Amino acid sequence: MTVDPEVLFVANQPRLFRYFLRAVGQIETARDLTQDVFLRVSRTTVPQAPDGEVRAWLFRIARNLALDHHRRHQRQPLPVALAMDAGRPPSQEVDAAVNAALASLPDLDRDVFLMREMAGLGYDEIARACDLTPDAVRSRIHRARLHLRSQLAAPIATRRTIPMRHSGREP
């Protein structure tokens, strides 16, 4: 029984895109990297395995592409304004703070966290994708959550003290 790449695409494209969107922080780059996963899949034989193992295989490819992307851009960092800007909508400020907090995580912790929270993978799938044990995955996710909580406490608290803007529309 062969696995149809089109079926793989339909079933996994949204998860991969969400993973890449948070991993790289740019919509177009996330789209490109998602396409790159399926381009690589089209050039190889999809393993004959249960769905969870195939999904783990896809995310191993995705993780490698994300790591390559980060390595390329560490050499040529893009300027990113992370400071809170009163001219930006609150959602963009929080989004920038989340992206900065995610970027401050070690690569493996960030990838494990994103695979769980953005792509919805199970601990066993993440373990296979990252060559870890499920217990190591749980530990890394816990550590990432604690780090993100501490990094985001101040920006979120600051946003809560700023009064909401009136949109000018009548209720």
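The values are calculated or read from the model by the stated rules, or taken from the named source; none is laboratory data. Computed from a prediction, not measured in an experiment: that's the story for all the values here. So basically every Cβ, Gly included, is an ideal-geometry build from the backbone, and we count neighbours across all protein chains shown. To get the accessible areas, we keep the full protein, side chains included, count just its heavy atoms, and leave off ligands, DNA and RNA. Shrake-Rupley method; radii C 1.70, N 1.55, O 1.52, S 1.80 Å.
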For the structure I just gave you, tell me whether VAL112 is outside any loop (DSSP other than H, G, I, E, B) and either open to solvent by less than 30 Å² (accessible area, probe 1.4 Å) or of a type in the set (S, T, N, Q) (or both). yes
Only one of ARG18, ARG63, ARG40, ARG55 that is under 18 Å from PHE113 (Cα atoms), in a helix (DSSP H, G or I), charged (D, E, K, R) and more than 14 Å from the chain's Cα centre (by Cα): ARG55
Restricted to segment 130-141 and to residues being of a type outside the set (S, T, N, Q), free of Cβ contacts under 8 Å to residues at least 12 places away in the same chain and open to solvent by 60 Å² or more (accessible area, probe 1.4 Å), the residue nearest to VAL24 (Cα to Cα) is ASP131
Residues (surrounded by fewer than 19 Cβ atoms within 10 Å (Cβ to Cβ) and part of a helix (DSSP H, G or I)) located in segment 23-35: ILE27, GLU28, THR29, ARG31, ASP32, GLN35
Report the residue count in segment 3-20 for those that are of a type in the set (A, V, I, L, M) and either surrounded by fewer than 19 Cβ atoms within 10 Å (Cβ to Cβ) or in contact with a strand residue (DSSP E or B) (Cβ under 8 Å, 6 or more places away or on another chain) (or both). 4
Give the residues of segment 120-129 that are in a helix (DSSP H, G or I) and surrounded by fewer than 19 Cβ atoms within 10 Å (Cβ to Cβ), sorted by residue number. TYR123, ASP124
